[in-house]
1. Give me the residue from segment 389-409 that is of a type in the set (Ser, Thr, Tyr) and closer than 19 Å to Lys378 by Cα and, out of that set, surrounded by the fewest Cβ atoms within 10 Å (Cβ to Cβ).
2. Looking only at segment 310-321, which residues are under 30 Å from Thr272 (Cβ atoms) and surrounded by fewer than 17 Cβ atoms within 10 Å (Cβ to Cβ)?
3. Step by step: first the residues of segment 257-309, then only those that are crowded, with 16+ Cβ neighbours inside 10 Å and among the polar types (S, T, N, Q), then the one that is farthest from Tyr337 (Cα to Cα). Which residue is that?
4. Looking at segment 1-26 only, could you name the residues that are touching a strand residue (DSSP E or B) at 6+ places or on another chain (Cβ under 9 Å), within 21 Å of Ser51 (Cα to Cα) and at pLDDT below 95?
5. Here are the criteria: (1) within 30 Å of Asn368 (Cβ to Cβ); (2) in a loop (DSSP other than H, G, I, E, B); (3) at pLDDT 70 or above. Tell me which single one Trp48 does not satisfy.
6. Within segment 84-91, can one find any residue that is modelled with pLDDT of 85 or more and farther than 30 Å from Trp10 by Cα?
7. If we scan segment 296-303, do we find a residue that is closer than 16 Å to Val377 by Cα and not in a strand (DSSP E or B)?
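The values are calculated or read from the model by the stated rules, or taken from the named source; none is laboratory data. Please read all numbers here as calculations on a predicted model, not as lab measurements. Glycine also receives a Cβ, built like all others from the backbone with ideal geometry; neighbour counts cover every protein chain displayed.
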Amino acid sequence: MAKISANDAWKELFNKYDIEKEVNDKGFYKITAEQIKEFKEPRLMAKWDSSESLPGILKSKKINILPTSRSSYVLSDFKLYEELPEYVEDVTKMQKVEIRDLESIDIENITSEANAINVLMLSPILEDFLRDGENVPTFNGRMGTGEFSFLVDRISKNPLYIDVKNAQCEIDAGIENDNSIVIIEAKNVIHPDFHVRQLYYPYRLWNSRVKKPIRLVFSIYFNQIFRLLEYKFNDLNNYSSIELVREKNYTLQDTNITMEDLFKIYKETKVTIDDNMTFYKTPFVQADSFERIISLIDCLKEDDMSLGKIADIMQFDIRQSRYYFNAGKYLDIFEKYDGEEFDEEMSQWNKVRKIRLTKKGLEIARMNYKPRQLELVKLILKHKIFNKLFFETYTTGKLPNKNNIEYLMREYNVCNEGQINRRAGSVKSWLKWIFKLPNIIEE
């Protein structure tokens with residue numbers, strides 16, 4: 001099987017089986033793993049944990065995919081993703097917790113979802129969040145879902161009734177306490193949304209096995225902070241009845257950053273880069289989520305990666321991988337070099353350009369929360385446009401409007417005219433990230 005992208009493979013499938021017409025006429029299209037395998041391995045074609053990672057053709061046609069067994073799927077214009085509340089926008093209180101001093105647990109180097117779950121289990125975080133007494137880990141891993149049916153909302157039509165017969169689901173952690181069974185889905189990379197299937201299929205499986213009520217927790221470990229969100233389904237038989245119950249943030253580190261801390265960094269930082277594209281060849285920023293840059297720092301701390309690997313882990317496309325690499329290069333924390341990467345699909349080593357942390361990037365990756373954030377602010381403020389806009393925001397108490405940002409971008413000649421509007425949004429997002437830092441209050 002020649003290697004093609006998931007997007008190209010889906011294009012071939014859409015053409016061969018006239019999938020779009022089938023969905024428009026019947027409301028759905030059932031497809032088997034064997035059909036998918038004609039062009040690419042099903043495991044690489046049917047699991048998209050964030051809507052951002054969907055192949056372009058599925059996005060443009062507004063079509064999504066659900067597994068109905070270990071070897072079959074159904075396609076329709078499903079609404080399958082649940083948007084996550086913006087990070088730290090609505091939840092600014094942070095509870096600091098202590099953890100037992102264990103030699104085999106490094107709280108400054110939590111690099112995987114499994115490590116994050118281990119720390120959750122060892123700390124008082126779950127007990128505080130769940131308020132259900134002592135929790136005991138009892139199950140995890142891949143398992144068959146059993147048989148169940150449900151309704152799921154669609155974009156253009158009435159909800160569709162789906163039958164599932166022993167599809168596969170994977171549970172990061174399952175725990176039990178006196179009052180409930182708790183299913184935990186863990187992530188260590190941030191995304192704007194998540195696939196509801198990750199909670200719903202395990203929920204249906206365990207609801208049929210136990211009598212205690214099921215509680216569902218979505219855990220995100222990012223930037224040395226645990227973010228826990230509890231969800232529920234208001235109707236057992238309705239995939240789309242998901243509802244956020246509550247959320248809370250926890251930290252093992254000092255997160256207390258003040259406006260005085262930020263202004264001190266501003267006063268100590270000398271502007272060294274004017275971003276004039278005539279002389280400064282690193283592309284100006286086009287990466288709206290500064291949190292994702294931090295997430296990428298943590299990923300690269302663990303291993304060097306190609307743009308393709310970054311796209312896989314961060315759940316976005318190659319184009320976005322380039323934007324976020326350039327954002328890190330802009331801050332002098334990412335760099336490229338010639339390397340090799342093993343292609344599991346083709347079972348061979350390929351020469352690729354890989355991305356790694358610079359010396360400065362590695363220093364930042366090893367820092368605790370507070371010094372890390374302040375050092376990143378310092379790197380941003382070395383750039384003339386950000387330095388000026390920081391001072392304006394600090395003195396007025398208001399973020400600059402987009403017109404003012406665009407005016408400065410033209411004055412400083414930071415990018416081409418056609419790029420100004422889009423990249424002004426990134427400038428504002430970075431400033432917003434900086435001025436959110438003092439709003440995180442330790443309880």
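1. Ranking the candidates gives Thr395 first.
2. Within segment 310-321, Arg319 is the sole residue that qualifies.
3. Residue satisfying both the conditions and the ranking: Thr269.
4. None; the set is empty.
5. Result: Trp48 fails condition (1) only.
6. Yes, that holds for at least one residue.
7. Among the residues of segment 296-303, at least one is closer than 16 Å to Val377 by Cα and not in a strand (DSSP E or B), which makes the answer yes.
Yes or no, residue by residue, for (1) among the basic types (Lys, Arg); (2) within 23 Å of Pro283 (Cβ to Cβ); (3) without any contact (Cβ under 8 Å) to a residue 24 or more places away in the chain; (4) assigned by the TED database to the domain that holds Gly308:
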| position | (1), (2), (3), (4) |
| --- | --- |
| Glu340 | no, no, yes, yes |
| Ser347 | no, no, yes, yes |
| Thr358 | no, yes, no, yes |
| Arg366 | yes, no, no, yes |
| Thr393 | no, no, no, yes |
| Leu408 | no, yes, yes, yes |
